[in-house]
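Report on one structure; see the data block that follows.
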Amino acid sequence: MNKVFFSIIIPTHNRAAYLPKSIASVVGQSFKDWELLVIDDGSTDNSKEVVSSFQDERVKYFYKKHEERSIARNYGISGAKGEYICFLDSDDLYFEDHLQILYSRIASESFPVGLFNTGMNIKRNNGNETRPVYDPEIYDHPLLFVWDKFLLINSVCVHSAILEKNKFPEEFHVWEDTHLWLRVVAQYPFFQIPEVTTQWNVHKQTSVARSFERIDSRHINVYLSCIRHLFDNYAGMLNPFLTREDMKKYIYQKLTMFLTLSFQDKHYFTFIKLYLLGLRFVEFRRLSRFVYRTVSTSLRKDLKHA
């Protein structure tokens, strides 16, 4: 088996329009010792032809049936030959020196079995912003940073030995990356690289935007179930930094946000479904008090303007 230093995994599903720029950003890297695994998760567009247009033996295409991105990423991990594994979404970009900056820091740390995270630029229609990076003066442990701010997958690089033992949870396609990163950071060293080396392109077709552009009780159920699955199965690993009470507070905050949005948008049927769903995760009294306040406030506003 011909080893390389970096394996980059791009899962994709019907993103042929975006793939060329993402792949080109890898091919154009100043650091050359890499392989790119494009995992086509059941696309019905011309994604294969797009990948084949890159005449570079380091770019490899794999087709599989559509099973969502956790399984696609794990499929890529199983075939990766790199000592360190990176990820890139099929509509995002690496800046030219992303891998070189990663390599330099990895070498300076004597090639540890750990997780590295770089800075990220977030490009939106209304401008750019820089993603927060870990600051030990704010967070006592990197795990608390991951819990609070998340790690966006394009900026993460992990030693392959870690991903032999720790995989993306295949039953979930929402919050699945945070599920993995929290487990990894609880067990292995975390290294923050401050340089901004990747770009997240936020548009209406991104998976995150599509997930939350409308309030879908099934989607939210998967989201909350993934959070609870982590604590049901790995609570001992997360302690003493995160507890089940932290999980309950977090889920309550997310539920109340979704309930508020659905009520404001007058999606009353969705509001009721979310309330019933919420009873699986949050205490009856706490959730019911929120619902009472939300409904009564709205009714008072309606009566005032009647």
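Here are some notes:
- Chain lengthening between Asp265 and Lys48 when straightened (0.36 nm per residue, less Cα-Cα): 74.1 nm
- Spin-label proximity, Lys81 to segment 30-45 - amide N less than 19 Å from point 7 Å beyond Cα toward beta carbon: 31-40
- Relative contact order of the chain: 17 percent, from C-alpha pairs under 8 Å at least 6 residues apart in sequence.
- Within the chain, DSSP assigns beta bridges of which about 30% are antiparallel (rounded to the nearest 5).
- Accessible area per residue for the chain, computed on protein heavy atoms with a 1.4 Å probe, is 49 Å².
- Per atom type, segment 156-196 shows carbon and sulfur on 48% of its accessible surface, probed at 1.4 Å.
- Charge context of Gln199, other residues only, Cβ under 14 angstrom, K/R +1, D/E -1: -3
- Exposure rule at most 13 other beta-carbon atoms within 10 Å, DSSP loop trypsin sites (Lys or Arg not before Pro): the chain longest free segment: 66-203
- Partner lysines whose Cα lies under 19 Å from the Cα of Lys123, excluding those fewer than 8 positions away in the same chain, are identified as Lys21, Lys149, Lys204.
- Segment 1-109 - percent of accessible surface contributed by carbon and sulfur, probe 1.4 Å: 50 percent
- Under Karplus coefficients 6.51, -1.76 and 1.60, residue-wise ³J(HN,Hα) of segment 231-237 in Hz, glycine/proline x: 6, 5, 10, 9, 4, x, 6
- Counting Lys and Arg as +1 and Asp and Glu as -1 over every other residue whose Cβ lies under 12 Å from the Cβ of Tyr250, the net charge comes to +2.
- The residues neighbouring Pro240, those whose beta-carbon lies less than 15 Å from its own, together hold a net charge of -2 under the Lys/Arg +1, Asp/Glu -1 convention.
- Label-point separation in nm, Glu195 to Lys123, each point 7 Å along Cα→Cβ: 1.9 nm
- In summary, the lysines within cross-link reach of Lys81, defined as a Cα separation below 18 angstrom excluding same-chain residues under 8 places away, comprise Lys3, Lys32, Lys60, Lys165, Lys167.
- Partner aspartates and glutamates for Lys65 [C-alpha distance under 12 Å; skip if fewer than 8 residues away on the same chain]: Asp40, Asp41
- The share of accessible area on segment 223-266 that comes from carbon and sulfur is 50 percent, using a 1.4 angstrom probe.
- Take the Cα of Arg228, step 7 Å toward its Cβ, do the same at Arg58, and the gap between the two points is 4.5 nm.
The values are calculated or read from the model by the stated rules, or taken from the named source; none is laboratory data. Worth saying up front: this structure is predicted, and the values here are computed from it rather than measured. Note: ideal-geometry Cβ built from the backbone for every residue, glycine included; neighbour counts use all protein chains shown. Only protein heavy atoms, including side chains, enter the accessible area calculation; ligands, DNA and RNA are left aside. Shrake-Rupley method; radii C 1.70, N 1.55, O 1.52, S 1.80 Å.
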